[in-house]
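Working notes, beginning with the structure itself.
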Amino acid sequence: MAQINVSNLTFGYEGSYDNIFENVSFSIDTNWKLGFIGRNGKGKTTFLKLLLGKYEYQGSITKTAVFDYFPYRVNDVKDLDKTADELMEKWKPQVENWRVLCELGQLEIDAELLYRPFGTLSFGERTKVMLAVLFSGENDFLLIDEPTNHLDQNAREIIKKYLASKKGFILVSHDRDLLDACVDHVLVLNRASIEVQSGNFTSWWENKEKADNFAKAENEKHIKEIGKLKAAADRSARWADKNESTKIGYDPVKENDRSISARAYIGAKTKKMQSRVKSYEARIGRKIEEKEGLLNDIETIKDLKLMPLSHYKERLIECRNFSLKYADSDKTVITGLDFELKQGERVFLKGKNGCGKSSLIKYILHASGTTKMLTTGTFSIAPNLVISYINQDTSHLSGKLKDYADQHNIDYTMLLSILRSLDMERVQFEKNIEDFSEGQKKKVLIAASLLTPAHIYIWDEPLNYIDVFSRIQIEKLIERFKPTMLVVEHDVRFMEKLATRVVEL
């Protein structure tokens, strides 16, 4: 057991206007199961790379631990042709094969996968093999960066159970269910600070809501007190001016002693009033200082809007005893499916990767002219149906946001407005989309979908890489506008909160 001490850490990328970290200090223990939480673009992956010594920085990071990082790099096509057994010596030098085999057993995966070309393995199989190698060392402090993206619910459950049995890691994840099951401390990148707390995601979130509500109440209290003090100061200033004006016309030479005495009294009273004004102003200054910073760390989750269309038919999609396979394959992807989607429903498709969820979506999107798919049974879709679609793949995104908006016939200003509401920094708007992080690319797809009035919103794994705050923001949007949706999403909390029906393939 050792500590990692971060002191006055300052770092920013070359050419960037702002530093990602500014005089940051905190300590963490290498025996912890540490969840790493923060908005997209706040610097989680950057901090992991700083621990690995990838970048130069100001300040100090004192550590005695040896770090290892997930996911391991698979550099090129040649690596994909190699087996995991061949690659793991490069990933983790001097790794012992028997240890990896023991970890594979805990991950419920066959050892035979070590000897297949790595490129032939599914996302889930690659993740499990890499995690087995990662945890096969001794006394390492492991940096695990979003291990469950693209994984189905079954694979997520296995990895959740596996990580819950381990310790000595930092886990970057936006999956609330995973964080609750696997971590005993959290490291949180707030808007203006960094905090370390014991507990899991839910305990931190509850503490955060209490702290935010207290800060808002204190802020309101200070605003009211400042208002009262300003009003009192203004009254005192006006009284002082009024009293001072009554001295006009007095001539000490011509007036008798009584008049001179009255003039002195008025002057003293005015001076007292002016002193009271200064006292009010000083108190106002102290209240303003106390107010400053109260709301700096509050995540403002702005309300989003959606424009669902209403269709004259209640049942929008229906299939009975429906089977589907690709024309160039003998394998049937979907067999004997009975499925329908009515207006106002939010149907979530559930099942292992490869069970046909994305294939069903592709068929619905191109139902009128799909030549690469062969089907049996009945399938019907309402006429003139407008669909807004989010693809799980972001590799097609490139160019400027303005060009993207023009290509998809959406309002550029509104696109930027929604991206700002999803907490994307304005500096990103000048970059090419291919230079965005994966989370930022997903936000572009989500924003475009929200700007498309539609009868059905079909979202295929929309939340991969999306931060927790944006997930909650999207949940609130869907609860408010109740669009008709067909969704593939493995975030358990998201599905439990929003699904009106779950269809398992």
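Does any residue of region 353-371 turn out to be in contact with a Lys or Arg (Cβ under 7 Å, 6 or more places away or on another chain) and either touching a residue at least 24 places away in the same chain (Cβ under 8 Å) or farther than 30 Å from ARG315 by Cβ (or both)? Step through it out loud before you land on a result.
Our first condition is that a residue be in contact with a Lys or Arg (Cβ under 7 Å, 6 or more places away or on another chain); within region 353-371, this holds for none.
There is no residue in region 353-371 that is in contact with a Lys or Arg (Cβ under 7 Å, 6 or more places away or on another chain) and either touching a residue at least 24 places away in the same chain (Cβ under 8 Å) or farther than 30 Å from ARG315 by Cβ (or both).
Can you tell me which residues in region 76-107 are of a type outside the set (A, V, I, L, M, F, W, C), within 33 Å of the chain's Cα centre (by Cα) and closer than 13 Å to ALA132 by Cα? So that I can check it myself, show each step before the final result.
Step one: filter region 76-107 for residues of a type outside the set (A, V, I, L, M, F, W, C), giving 76, 78-79, 81-83, 85-86, 89-90, 92-94, 96-97, 99, 103, 105-106.
Imposing the further condition that a residue be within 33 Å of the chain's Cα centre (by Cα) reduces the set to 76, 79, 90, 92, 103, 105-106.
Hits for region 76-107 are LYS92, GLU103, GLY105, GLN106.
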Check: Which residue, of GLY41, GLY53, GLY59, is modelled with pLDDT under 90 and either out of contact with any helix residue (DSSP H, G or I) (no Cβ under 8 Å at 6 or more places or on another chain) or more than 23 Å from GLU138 (Cβ to Cβ) (or both)?
Finding: GLY41
Check: Looking at (1) of a type outside the set (Val, Ile, Thr); (2) surrounded by 15 or more Cβ atoms within 10 Å (Cβ to Cβ); (3) assigned to a loop (DSSP other than H, G, I, E, B), can you tell me which one GLU138 breaks?
Finding: (2)
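Are any residues in region 388-408 among the hydroxyl-bearing types (Ser, Thr, Tyr) and farther than 18 Å from SER358 by Cβ, and if so, which ones?
Going residue by residue through region 388-408, those that are among the hydroxyl-bearing types (Ser, Thr, Tyr) are 388-389, 394-395, 398, 404.
Hits for region 388-408 are SER398, TYR404.
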Check: If you take the residues of region 155-187 that are free of Cβ contacts under 8 Å to residues at least 60 places away in the same chain and acidic (Asp, Glu), which of them is nearest to SER198 (Cα to Cα)?
Finding: ASP180
Check: If you take the residues of region 376-409 that are of a type in the set (A, V, I, L, M, F, W, C) and over 21 Å from LEU486 (Cβ atoms), which of them is surrounded by the most Cβ atoms within 10 Å (Cβ to Cβ)?
Finding: LEU401
Note to self: Given the options VAL100, VAL77, name the one that is of a type in the set (A, V, I, L, M, F, W, C) and modelled with pLDDT under 90.
What the structure shows: VAL77
Margin query: Show me the strands (runs of 3 or more DSSP E) entirely contained within region 453-505 in which 2 or more residues are at pLDDT below 95.
Written below: 501-504
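Would you tally the residues in region 60-73 being part of a loop (DSSP other than H, G, I, E, B) and within 26 Å of the chain's Cα centre (by Cα)? Walk me through it before giving the result.
Taking region 60-73 first, the residues part of a loop (DSSP other than H, G, I, E, B) are 63-65, 71-73.
Cutting the leftovers down to within 26 Å of the chain's Cα centre (by Cα) gives us 71-73.
The total comes to 3.
So, GLU112, is that one free of Cβ contacts under 8 Å to residues at least 12 places away in the same chain, over 30 Å from the mean Cα position of the chain (by Cα) and surrounded by 14 or more Cβ atoms within 10 Å (Cβ to Cβ) or not? Steps first, answer last, please.
Values: free of Cβ contacts under 8 Å to residues at least 12 places away in the same chain: yes; over 30 Å from the mean Cα position of the chain (by Cα): yes; surrounded by 14 or more Cβ atoms within 10 Å (Cβ to Cβ): no.
No; evaluated as a whole, the condition is false for this residue.
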Note to self: Kindly evaluate GLY439 against the criterion of being over 26 Å from LEU309 (Cβ atoms) and assigned to a strand (DSSP E or B).
What the structure shows: no
Next item on the list: Please work out if LYS33 is under 26 Å from SER165 (Cβ atoms) and touching a His at 6+ places or on another chain (Cβ under 9 Å).
Entry: yes
Notebook entry, point to check: So which residues in region 58-109 are in contact (Cβ under 8 Å) with a residue 60 or more places away in the chain and exposed (fewer than 12 other Cβ atoms within 10 Å of the Cβ), if there are any at all?
Noted result: THR64
Note to self: Looking at the structure I just gave you, is GLY119 surrounded by fewer than 16 Cβ atoms within 10 Å (Cβ to Cβ), more than 27 Å from the chain's Cα centre (by Cα) and either more than 26 Å from LYS44 (Cα to Cα) or touching a residue at least 12 places away in the same chain (Cβ under 8 Å) (or both)?
What the structure shows: yes
Margin query: Out of the strands (runs of 3 or more DSSP E) lying entirely within region 1-56, which hold 1 or more residues that are in the same structural domain as LEU143 (by TED's automatic domain parsing) and of a type in the set (S, T, N, Q)?
Written below: 3-11, 21-29
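Go through region 375-427 and give me each residue that's assigned to a loop (DSSP other than H, G, I, E, B), hydrophobic (A, V, I, L, M, F, W, C) and within 27 Å of the chain's Cα centre (by Cα).
Pass one, region 375-427, residues assigned to a loop (DSSP other than H, G, I, E, B): 382-386, 391-400, 408-411, 422-425.
Next, only the ones that are hydrophobic (A, V, I, L, M, F, W, C) stay: 382, 385-386, 397, 410, 422, 424.
Result: LEU397, ILE410, LEU422, MET424.
Out of ASN213, ASN207, ASN219, report the one residue that is at pLDDT 65 or above, within 45 Å of the chain's Cα centre (by Cα) and closer than 26 Å to THR45 by Cα.
ASN207
Quickly run through region 148-159 and pick out the residues that are touching a helix residue (DSSP H, G or I) at 6+ places or on another chain (Cβ under 6 Å) and either surrounded by fewer than 22 Cβ atoms within 10 Å (Cβ to Cβ) or not β-branched (Val, Ile, Thr) (or both).
Of region 148-159, the ones touching a helix residue (DSSP H, G or I) at 6+ places or on another chain (Cβ under 6 Å) are 148, 150-151, 155.
Scanning region 148-159 gives HIS150, LEU151, ALA155.
The values are calculated or read from the model by the stated rules, or taken from the named source; none is laboratory data. Because the structure is predicted, anything quoted here is derived from the model rather than measured. Cβ atoms come from the backbone with ideal geometry, glycine included; neighbour counts cover every protein chain shown.
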